[in-house]
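Quick notes on the structure that follows.
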Amino acid sequence: TLLYQYQFGLKKPAEVFDLDLMAKFVALADLAGSYHSMIWHNQRFYYNPVIGKLEPIGYDAFTEGKPENMPWTLSDMLFDRESQYDTRAMAYLIEDLEFQKRYLHFLFKFCQDDYLNTFFEKINLDWRKRFRAIKSEFPNFNYDVKKELFRKATIIKKQMVPLGQHALKAYWADNKSGDKMLSVANTHFLPLRILGFGGNDGIITTPAVDELYLKRLKKDEAPSYRMVAAPDEAKFVFFELPGLDSTFVAPISPFALPRQETPYQEIVSNLKLKPNNVFSISQNEVRFKAGEYTVSKDIIIPSGYTVHFDAGVELNLLQKAKFISYSPVMMNGTEDQPIRIHSEDKSGNGFNVLQAQGESKLNHVVFHNLKNLDYKGWQLTGAVTFYESDVNITNCFFRSNHCEDILNIIRSKFIIDNSKFSDTFGDAFDGDFAEGTLKNSTFFRTGNDAADFSGSSITIENCTFEMIGDKGISVGEESEVRARKVEMVTGVIGVASKDLSKLYLENVSIRDFNQAFTAYQKKPEFGPSMIEVKGYQVEDCDRIHAIAPGSSLTLDGKMVEVLQ
């Protein structure tokens with residue numbers, strides 16, 4: 001009856017076995033690597049008639065294969081490797097909490113150097129007799145059992161001891177009831193027990209009320225988090241490995257618990273594009289027909305389409321609605337019927353074209369009152385963003401954004417012609433690792449830089465900059481920018497070259513700025529920069545130039561003196 005209960009896990013191990021003896025037996029099998037004795041048909045037991053329980057008898061206990069290829073612990077054999085054994089009964093045993101405590105206690109005890117040295121001293125004479133007997137039949141047998149057991153014991157000890165924050169993860173969690181709660185998980189391969197909490201890593205100031213056990217982390221499984229009440233002032237979690245007389249500590253992370261889905265994954269996980277009252281779908285074409293549309297739900301268009309906006313389309317993005325297209329957009333407005341993308345409540349989460357296969361074309365489009373994409377931590381900087389999506393922008397108007405950049409083009413080729421930027425919260429046009437041309441365009445009343453480029457190759461021609469909050473043209477991170485026929489009126493810095501960038505100017509006029517030209521190194525991983533000017537006019541500026549050591553400015557072929 002007891003064997004049957006053990007085989008199918010019908011009773012708790014403490015009701016079936018003398019638990020201390022069974023824990024010792026399994027721990028010794030671990031240390032010796034004698035897992036052959038754990039096969040169901042090799043297990044032998046003595047029925048103790050006094051206590052009515054089973055006691056294990058070691059039988060057929062030899063180590064199979066090379067010792068270095070053997071699993072390190074019984075749990076490793078049972079759960080983390082493919083096994084030829086029927087391990088159902090042992091799995092039931094090893095996952096029992098009471099058995100775990102005793103098993104881990106004895107396993108750690110048997111792996112101590114003092115214990116092993118005492119053991120080998122005790123069996124030395126008997127061992128020598130048996131070793132000679134083996135050698136008489138197998139002369140080449142030279143297995144050093146003592147060395148192997150010490151090696152295995154060292155591995156097991158290192159594996160057993162939990163390493164603080166690498167063994168237990170703890171994050172503050174939101175709780176609907178308003179109580180402070182922790183999300184905690186065991187990332188150790190053995191079970192752990194939470195002891196309490198504290199404000200420093202040396203003292204438990206708030207003991208755990210209940211016995212809080214965390215199941216071990218199995219191979220190829222994600223940590224399983226549970227909610228635990230903790231005091232507001234707690235900064236550390238104290239825990240133990242059941243069976244070991246030691247306390248370990250892990251810090252409570254200041255960051256949020258990793259989610260099951262990222263914001264992007266959440267948005268696209270159930271994405272099914274269907275026609276509605278805002279746009280129609282015909283084969284691989286999405287079309288926004290002329291008309292005014294109030295949109296309070298996200299518009300997400302997957303790749304594989306071409307998106308057309310007819311002249312006269314007006315999208316009013318409300319309640320943080322966002323437009324994201326993974327397909328190129330064709331926005332064909334006219335002077336009389338421009339396309340308008342705006343947000344009446346100033347919450348619209350931007351117009352975003354991401355990794356579109358093909359060039360987008362925008363003509364006579366007005367972007368007004370938009371914010372950036374900001375969804376559960378997924379944040380962009382631009383009210384209008386093109387990422388790895390080439391774009392041709394003509395006769396467009398970007399104004400009154402409520403985020404860092406009104407237009408951000410990243411890792412894309414572009415042409416911007418005859419367009420306007422005004423009343424920006426921060427930068428007007430930010431180009432990152434981009435390649436393109438900006439021409440015949442105006443920048444007016446910007447909160448920060450008018451045109452800011454990083455790691456880019458840009459041509460600017462026939463553009464005006466007026467009432468600039470910081471820099472008219474700013475180039476950095478090894479950019480190369482060539483600008484001609486540029487007029488700037490009122491601002492802080494006319495042009496700035498930073499961090500190994502090269503800025504070539506021809507026929508530039510700068511009036512009413514704090515300073516006209518500046519070149520310097522800003523970031524330590526880069527280096528100095530340069531500006532070369534051919535034909536310039538500077539009026540009513542507090543200072544013509546400020547050049548840092550190592551950087552250079554050439555005005556009409558003459559190198560200016562560098563600041564020391």
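The values are calculated or read from the model by the stated rules, or taken from the named source; none is laboratory data. Computed from a predicted structure; not experimentally measured. Cβ atoms come from the backbone with ideal geometry, glycine included; neighbour counts cover every protein chain shown. Note: accessible area is taken over every heavy atom of the protein model, side chains too, but ligands, DNA and RNA are not part of it. Shrake-Rupley method; radii C 1.70, N 1.55, O 1.52, S 1.80 Å.
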Handout entry: Cβ pairs under 7 Å, 6+ apart, first in segment 294-308 and farther than 9 Å from Val329 by Cβ, second part of a strand (DSSP E or B)
Key = Thr294/Asn316; Val295/Leu315; Val295/Asn316; Val295/Leu317; Ile299/Phe323; Ile300/Ile324; Tyr305/Glu285; Tyr305/Val286
Handout entry: Extreme residue, least open to solvent (accessible area, probe 1.4 Å), among residues of segment 197-215 that are in a loop (DSSP other than H, G, I, E, B) and among the small types (Gly, Ala, Ser)
Key = Gly199
Practice task
Please tell me if Lys218 is open to solvent by less than 90 Å² (accessible area, probe 1.4 Å) and closer than 24 Å to Arg259 by Cβ.
Solution key: yes
Exercise for the section: Report, by residue number, each residue of segment 35-60 that is assigned to a loop (DSSP other than H, G, I, E, B) and surrounded by 19 or more Cβ atoms within 10 Å (Cβ to Cβ). Expected result: Gln43
Exercise for the section: Tell me, please, whether a residue that is of a type in the set (Ser, Thr, Tyr), modelled with pLDDT of 80 or more and under 23 Å from Val145 (Cα atoms) can be found in segment 62-82. Expected result: no
Exercise for the section: Mind listing just one residue for me: the one in segment 517-537 that is of a type in the set (D, E, K, R) and not in a loop (DSSP other than H, G, I, E, B) and, of those, nearest to Ile493 (Cα to Cα)? Expected result: Glu532
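Do we find that Ser529 is among the hydroxyl-bearing types (Ser, Thr, Tyr), touching a Ser or Thr at 6+ places or on another chain (Cβ under 7 Å) and modelled with pLDDT of 95 or more in this structure?
Values: among the hydroxyl-bearing types (Ser, Thr, Tyr): yes; touching a Ser or Thr at 6+ places or on another chain (Cβ under 7 Å): yes; modelled with pLDDT of 95 or more: yes.
Answer is yes for this residue.
Looking only at segment 504-516, count every residue that is open to solvent by less than 10 Å² (accessible area, probe 1.4 Å) and either within 15 Å of Gly550 (Cα to Cα) or among the small types (Gly, Ala, Ser) (or both) and tell me the total.
Of the residues in that region, 1 qualify.
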Exercise for the section: State which residue pairs qualify: first residue farther than 23 Å from Tyr92 by Cα and in contact (Cβ under 8 Å) with a residue 40 or more places away in the chain and inside segment 215-232, second residue open to solvent by 70 Å² or more (accessible area, probe 1.4 Å) and among the β-branched types (Val, Ile, Thr) in any location, beta carbons under 9 Å apart, and separation of 6 or more residues or different chains. Expected result: Ala229/Val209; Pro231/Thr205
Problem - segment 6-34: number of residues that are within 14 Å of Met90 (Cβ to Cβ) and in a helix (DSSP H, G or I) - result: 12
Practice task
May I ask you to list pairs of residues, at least six apart or on different chains, whose Cβ atoms are under 6 Å apart, with the first in segment 6-28 being more than 30 Å from Leu149 (Cβ to Cβ) and the second being not in a strand (DSSP E or B)?
Solution key: Gln7/Ala89; Gly9/Tyr92; Lys11/Gln5
Exercise for the section: Return the total of residues in segment 538-560 being open to solvent by 90 Å² or more (accessible area, probe 1.4 Å) and either among the polar types (S, T, N, Q) or in a strand (DSSP E or B) (or both). Expected result: 3
Practice task
Quick one: which strands (runs of 3 or more DSSP E) lie wholly within segment 327-428 and hold at least 3 residues that are in contact with a helix residue (DSSP H, G or I) (Cβ under 6 Å, 6 or more places away or on another chain) and surrounded by fewer than 23 Cβ atoms within 10 Å (Cβ to Cβ)?
Solution key: none
Completion exercise
Counted residues in segment 522-534 being in contact with a Leu (Cβ under 8 Å, 6 or more places away or on another chain) and either in contact (Cβ under 8 Å) with a residue 60 or more places away in the chain or surrounded by fewer than 19 Cβ atoms within 10 Å (Cβ to Cβ) (or both) come to 5
Problem - Residues satisfying the stated conditions in segment 98-143, i.e. open to solvent by 80 Å² or more (accessible area, probe 1.4 Å), under 17 Å from Ala32 (Cβ atoms) and not in a helix (DSSP H, G or I) - result: Tyr143
Practice task
Just give me the residues in segment 310-326 being surrounded by 19 or more Cβ atoms within 10 Å (Cβ to Cβ) and either touching a residue at least 40 places away in the same chain (Cβ under 8 Å) or at positive phi (or both), in sequence order.
Solution key: Leu317, Lys322, Ile324
Practice task
Please work out if Leu116 is modelled with pLDDT of 95 or more and out of contact with any Gly (no Cβ under 7 Å at 6 or more places or on another chain).
Solution key: yes
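One line per residue, one yes/no per condition, for (1) assigned to a loop (DSSP other than H, G, I, E, B); (2) loosely packed, with under 13 Cβ neighbours inside 10 Å; (3) within 23 Å of the chain's Cα centre (by Cα):
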position	(1), (2), (3)
Leu195	no, no, no
Ala222	yes, yes, yes
Met227	no, yes, yes
Pro242	yes, no, no
Ser246	yes, yes, no
Ala250	no, no, yes
Glu266	no, no, yes
Leu273	yes, no, no
